[in-house]
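Okay, structure first, notes after.
The values are calculated or read from the model by the stated rules, or taken from the named source; none is laboratory data. Bear in mind that the values here come from a model prediction, so they are computed numbers and not experimental data. Every residue, glycine among them, receives a Cβ derived from its backbone with ideal geometry; neighbour counts consider all protein chains shown. The area values use the complete protein model at the heavy-atom level, side chains included, leaving out ligands, DNA and RNA. Shrake-Rupley method; radii C 1.70, N 1.55, O 1.52, S 1.80 Å.
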Amino acid sequence: MKMKLPKDQFLSTVRVGDKGQIVIPKEVRDLFEIEPGDSLLLMADKKKGIAIVGFDGMMDFMDESLRQGRAAREGGQT
């Protein structure tokens, strides 16, 4: 059964191979501009599940979060 989703969303199943690998569907790689050699960050929580995010974007997010945290400790400026 194919579901109709908005253009910026994708839903699919993937199969785990013998080596524990999964294939990210081409539509998802295209949607997120994932290229061979890109680094991805895998986050897992036993209760919440697994998330895979772009490593570069996550590093930018973490840098900004740390900057805002330092600014808040130093006087509430962002």
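From the list GLY49, GLY69, GLY75, exactly one residue is more than 11 Å from the chain's Cα centre (by Cα) and within 29 Å of LYS7 (Cβ to Cβ). Which is it?
Numbers: GLY69 fails: within 29 Å of LYS7 (Cβ to Cβ); GLY75 fails: within 29 Å of LYS7 (Cβ to Cβ).
Within the list GLY49, GLY69, GLY75, the selection yields GLY49.
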Handout entry: Residue ID - modelled with the lowest pLDDT, chosen from residues in the stretch 48-78 that are open to solvent by 100 Å² or more (accessible area, probe 1.4 Å) and more than 30 Å from LEU31 (Cβ to Cβ)
Key = THR78
Practice task
Can you run down the residue pairs with Cβ atoms below 6 Å, 6 or more apart or on separate chains, where the first is in the stretch 20-43 and over 19 Å from PHE10 (Cα atoms) and part of a strand (DSSP E or B) and the partner is open to solvent by 80 Å² or more (accessible area, probe 1.4 Å) and modelled with pLDDT of 90 or more?
Solution key: none
Exercise for the section: Kindly indicate whether any position in the stretch 1-14 is at positive phi and not aliphatic (A, V, I, L, M). Expected result: no
Handout entry: Of residues in the stretch 44-78 being polar (S, T, N, Q) and assigned to a helix (DSSP H, G or I), the one nearest to THR13 (Cα to Cα)
Key = SER65
